[in-house]
Amino acid sequence: MDPEEALMWSATPRARSALLLAPVCLLALVIACGGNDQNGKPAGGSVADATTSGAVTIVARDNKYDKTTVKVAVNQEVAVTLTNKGSALHNWHLLGIKNPDGSDVKTDLIGSGETQTIRFTVDKPGTYEIKCDIHPEMTGKLMAQ
Ligand SMILES: [Cu+2]
């Protein structure tokens with residue numbers, strides 16, 4: 001094999017792998033940009049106001065809620081929908097309030113891609129803690145007024 005032929009043989013696989021890698025890099029870039037868009041929202045959680053609509057949707061990721069403060073009106077039924085966009089199991093557990101049957105106000109632990117809606121009524125004004133039963137760092141508060 002002469003030197004020129006050797007160069008061609010060594011360059012071709014490199015060129016091939018460059019061609020193969022180009023779409024992968026592009027895909028990675030697109031995914032990275034998508035992540036940046038999501039991270040562009042204010043960190044540390046935002047407020048979900050259910051005082052007029054009586055309904056809120058909370059998105060759980062690994063490991064935080066997109067809405068860490070939920071405002072509700074006293075004596076009005078509230079529907080909280082939890083959607084899990086993370087990969088771990090998460091739930092939404094409201095402390096200090098019980099359902100009429102004495103059970104805790106909480107969603108089940110739901111898996112990635114799952115959604116669950118619970119309904120409850122807060123009958124006393126105040127601030128109540130919210131937590132995920134698996135992740136101690138996943139917290140929030142519910143303000144009833
Ligand atoms: Cu969790």
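The values are calculated or read from the model by the stated rules, or taken from the named source; none is laboratory data. The structure presented is a predicted model; accordingly, all values stated were derived computationally and were not measured. Quick reminder, even Gly has a Cβ in these numbers, built from the backbone with ideal geometry, and neighbours come from all protein chains shown. Heavy atoms of the whole protein, side chains included, go into the accessibility calculation; ligands, DNA and RNA do not. Shrake-Rupley method; radii C 1.70, N 1.55, O 1.52, S 1.80 Å.
Each residue in segment 77-99 was checked for being in a loop (DSSP other than H, G, I, E, B) and within 14 Å of ILE118 (Cα to Cα), and 3 of them qualify. For segment 87-96, filtered to residues that are small (Gly, Ala, Ser) and over 21 Å from ALA144 (Cα atoms), the residue that is least open to solvent (accessible area, probe 1.4 Å) is ALA88. Of everything listed in (1) of a type outside the set (S, T, N, Q); (2) open to solvent by 10 Å² or more (accessible area, probe 1.4 Å); (3) within 16 Å of the ligand (Cβ to nearest atom); (4) in a strand (DSSP E or B), the single unmet condition for ALA60 is (2).
For the residues ASN84, ASN75, ASN99, the requirement of being in contact with an Asp or Glu (Cβ under 7 Å, 6 or more places away or on another chain) and surrounded by fewer than 17 Cβ atoms within 10 Å (Cβ to Cβ) singles out ASN75. Evaluating LYS41 against the criteria (1) in contact with a Lys or Arg (Cβ under 9 Å, 6 or more places away or on another chain); (2) modelled with pLDDT under 95; (3) open to solvent by 80 Å² or more (accessible area, probe 1.4 Å) leaves one unmet condition, (1).
Name the single residue that is nearest to the ligand (Cβ to nearest atom) among those in segment 100-145 being of a type in the set (Gly, Ala, Ser) and assigned to a strand (DSSP E or B).
Once the filter is applied, the top-ranked residue is GLY140.
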